[in-house]
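*Asks:* Have a look at this one.
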Amino acid sequence: MKKGIATVALSLLLLPMAAQSSSNKPLAVENRMTQPLSQVMKQIEQRFNVTFSYNVDTAGLSVDYAPGRIRPYSFEETLQNVLGLFDFKAWKQNDSVYRIKPFEYYRRWDSEGQQMTDYLNTLYHNRTEWEARAQELRKAVRETSGVDAMLRSCVDAKPILGKVRKYDGYTVQNLALELVPGYYVCGSIYVPNNKKARKQVANAQGQYPVIISPNGHWADGRYNKDLQVRFATLARMGAISISFDLFGWGESALQVGAENHASSMALTYQLVSAFRLLDYALTRPDVDSKRVGACGGSGGGTHSVLLSTIDDRFSACCPVVHITSHFDGGCPCESGLPVQYVLGGTTSAEMLATMAPKPIMLVGNEGDWTHTHPSIEVPYLKRIYGFYDAADQVQSLFLPGERHDFRASKREGVYNYFSSVWNLVKEQQDETKATIETADKLICFGSTKNEEGKVVPTGTNAPENFERSIQPLAEKYFDKQLYFDLRWAAGLEQKAQKWADSLHLDDPAKTLRVRKLIFTHLTQITRWHNEHLNDCPRGINPRTGEKLREVDLQIIADAAQPKEYHTTLMDGLRAELTSEQVETILDLYTIGKVQFTMKGYYGIVPDITPTEDSVCLAYLKEAREMAIDFKTMKEISEIFGIAKDKCEAYFNAHGRNWRQMYSAYVKKLQAEKKAKQTKQ
Ligand code: ZN
């Protein structure tokens, strides 16, 4: 770079404002070919022979450049070009009917799941490449989930244990564990209590395997009958199960309110609940630390997979009606933090693959998003396990004709899986021997109304210092800034990946290095921008006497960033890439402004000479490299404005008259427009 960035900021302020104005105006666009959305959708219906039904209101919405958005060869691309403008998406109802709905960030088409899986498969071809990715993935998911920040705030409390209730071959005991001061996760532990299990499943120390069992969003939460049957039966067969409330459900609702389940905080809280309950379990003399499993259905499946990804204490995992490559889980407790977007995007199948070569089991069916198990997720997982010669460790139960639930046929799959892994007592698998308890038996504290009429936990076990509102918890234990940072970092990561991928390099390791260079740079300039935005005194432009504009202040603040941000990126890119590829990346940073501006000159300047062409191109390329360090498009436009002024000054100094050429060009456009109108 010939010129320091600080000089750019300075020269911008010293430039007379009038000189800039002509060049900063966008080139005239006389016709946007705008049509109402409803009309465009009718054209798409006719062309592709489909019918749309609507969950969204299209009244008053219009589409610019409508005819150009229809791609005769691709229905999918056409929909994306049109519906993407409004954050709408089409969902197939049958062969010819599609329903238009608001975009759901966590749900995609099956074909997109296939594309994502194909893409992931290009990232690793052997065990070494896979393990590098898996390690990165575990780290990124863990960071993004926020568990470590919350674990640092956790208290080292012993659980409050209830009375042990004895049933046929197993016992149940309630437990409440304080996580952060004043907040308790409540649950129940189901423990084997029969000779067969002791003889066949317990180790020499009398220890049993343990299954951490996160809940899905089933009716009645952890008091649900199907869940109780499963935990009781597994205990009879020789495995301890620990079941606990979702955040904002059951007794958690008494502490924080049910409405707070629909928050990203729930994701972190539920993971930390499982962590701390497992910590507790491993202090028990009857738990074998080498045999730890996770099992849950639906949202409980999401959490089983997250746990197995970020906590290497798990040696078995059985997600039921969950694993997919095209759906992240629709509740904020599953996808409210960008855990599925780390490293440019992942899937629950990829997260589950981090268990390789430990045994895993997927239970799926035809009637929900797991219907792609046989075609997409199971082959994908077997490929990765194949790197370890362990494809047989991927077990799958697929149930045609069944729907999204956790019925007996699915529980049977769970029993079979854990039996195969831990040699559980199959002959004890008789669900009729399970005792279904009422909710009042399963709750730890009990509930009553306080003076304000709010339902709160009480009872003989209830601690006196309950915090009864989410607000103090949120303020004390959740670092809002941390969450904000995680979110934008995930966005930048996606951008960096997209740009690096667009180069279509045939070396995945190189793509990764380029992606990292871009991500680091984007992170640095964004962080700098956000932290220094208010550093500049709101002064006056000494040349014009006018107040400094917002964009001037931004440029001054951003220009003060350390030079290394720029040099590390550029040196790195130049070492990895050809000069054309480097230019491609710079164009992506500056949304193709070099080409766009040159195109304008070709229209405005009659018979542009090769010298004029190369002088302008050089000025614009110089601006492009300066502009990449500035965060907002406004700043970038300002910096290109300086280059444009230089180009125009060059024209004027070499026998041209910019103002005349520009006004002639505008007149020509107007005349053409008029001619076209009279024709019509
Ligand atoms: Zn949820």
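The values are calculated or read from the model by the stated rules, or taken from the named source; none is laboratory data. Everything numeric here is computed off the predicted structure, so don't read it as measured data. Heads up, the Cβs are rebuilt from the backbone with ideal geometry, glycines too, and the neighbour counts pull from every protein chain shown. Note: accessible area is taken over every heavy atom of the protein model, side chains too, but ligands, DNA and RNA are not part of it. Shrake-Rupley method; radii C 1.70, N 1.55, O 1.52, S 1.80 Å.
*Asks:* State the number of residues belonging to the range 581-597 that are at positive phi and either touching a helix residue (DSSP H, G or I) at 6+ places or on another chain (Cβ under 8 Å) or in contact (Cβ under 8 Å) with a residue 12 or more places away in the chain (or both). Quick ask: steps written out before the conclusion?
*Replies:* Of the residues in the range 581-597, the ones at positive phi are 591-592.
The next check asks that each one be either touching a helix residue (DSSP H, G or I) at 6+ places or on another chain (Cβ under 8 Å) or in contact (Cβ under 8 Å) with a residue 12 or more places away in the chain (or both); those that pass are 591.
Adding up the residues that qualify gives 1.
*Asks:* Looking at the range 291-303, which of the residues that are among the small types (Gly, Ala, Ser) and not in a strand (DSSP E or B) is farthest from the ligand (Cβ to nearest atom)?
*Replies:* Within the range 291-303, the match that is farthest from the ligand (Cβ to nearest atom) is GLY301.
*Asks:* Here are some residues: LYS166, LYS195, LYS199. Which one is charged (D, E, K, R), modelled with pLDDT of 90 or more and not assigned by TED's automatic domain parsing to the domain that holds THR233?
*Replies:* Unique residue meeting the criteria: LYS166.
For every residue, the table says whether it meets (1) touching a Gly at 6+ places or on another chain (Cβ under 6 Å); (2) closer than 23 Å to PRO285 by Cα; (3) among the small types (Gly, Ala, Ser).
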{"residue": "GLY162", "(1), (2), (3)": "no, yes, yes"}
{"residue": "GLY221", "(1), (2), (3)": "yes, no, yes"}
{"residue": "GLN228", "(1), (2), (3)": "no, no, no"}
{"residue": "MET237", "(1), (2), (3)": "no, yes, no"}
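*Asks:* Right, here's the next one. Considering only residues that are open to solvent by 60 Å² or more (accessible area, probe 1.4 Å) and either in a helix (DSSP H, G or I) or not assigned by TED's automatic domain parsing to the domain that holds SER325 (or both), which ones fall in the range 394-422?
*Replies:* Correct list: GLU412, ASN416, SER420.
*Asks:* Name the single residue, out of those in the range 272-290 being open to solvent by 30 Å² or more (accessible area, probe 1.4 Å) and not in a helix (DSSP H, G or I), that is farthest from the ligand (Cβ to nearest atom).
*Replies:* Filtering the range 272-290 for residues that are open to solvent by 30 Å² or more (accessible area, probe 1.4 Å) and not in a helix (DSSP H, G or I), the one farthest from the ligand (Cβ to nearest atom) comes out as PRO285.
*Asks:* Quick one: which helices (runs of 4 or more DSSP H) lie wholly within the range 30-116 and hold at least 1 residues that are closer than 30 Å to HIS371 by Cα, outside the structural domain of HIS373 (by TED's automatic domain parsing) and of a type outside the set (Lys, Arg)?
*Replies:* Details: elements: 37-48, 66-69, 75-83.
Where helices (runs of 4 or more DSSP H) fall fully within the range 30-116 and carry at least 1 residues being closer than 30 Å to HIS371 by Cα, outside the structural domain of HIS373 (by TED's automatic domain parsing) and of a type outside the set (Lys, Arg), they are 37-48, 75-83.
*Asks:* Can you name the residue in the range 195-217 that is outside any helix (DSSP H, G or I), surrounded by fewer than 18 Cβ atoms within 10 Å (Cβ to Cβ) and in contact (Cβ under 8 Å) with a residue 24 or more places away in the chain and, of all such residues, is nearest to the ligand (Cβ to nearest atom)?
*Replies:* That would be HIS217.
*Asks:* Also, quick follow-up: Within the bounds of the range 253-271, is there any residue that is of a type in the set (S, T, N, Q), within 12 Å of the ligand (Cβ to nearest atom), within 27 Å of PRO192 (Cβ to Cβ) and modelled with pLDDT of 90 or more?
*Replies:* Looking for residues that are of a type in the set (S, T, N, Q), within 12 Å of the ligand (Cβ to nearest atom), within 27 Å of PRO192 (Cβ to Cβ) and modelled with pLDDT of 90 or more, one finds at least one in the range 253-271, hence yes.
*Asks:* Select, from LEU343, LEU306, the only residue that is at negative phi and in a helix (DSSP H, G or I).
*Replies:* Every option except LEU306 fails the conditions.
*Asks:* While we're on this one: How many residues are of a type outside the set (D, E, K, R), open to solvent by 10 Å² or more (accessible area, probe 1.4 Å) and out of contact with any Gly (no Cβ under 9 Å at 6 or more places or on another chain) if we restrict to the range 291-307?
*Replies:* The total comes to 0.
*Asks:* Of these, ASP220, ASP226, ASP168, which one is open to solvent by 10 Å² or more (accessible area, probe 1.4 Å), within 16 Å of the ligand (Cβ to nearest atom) and closer than 22 Å to LYS433 by Cα?
*Replies:* ASP220
*Asks:* Output the number of the condition that THR324 fails; it satisfies all remaining conditions of (1) buried (at least 24 other Cβ atoms within 10 Å of the Cβ); (2) within 16 Å of the ligand (Cβ to nearest atom).
*Replies:* With respect to (1) buried (at least 24 other Cβ atoms within 10 Å of the Cβ); (2) within 16 Å of the ligand (Cβ to nearest atom), THR324 is out only on (2).
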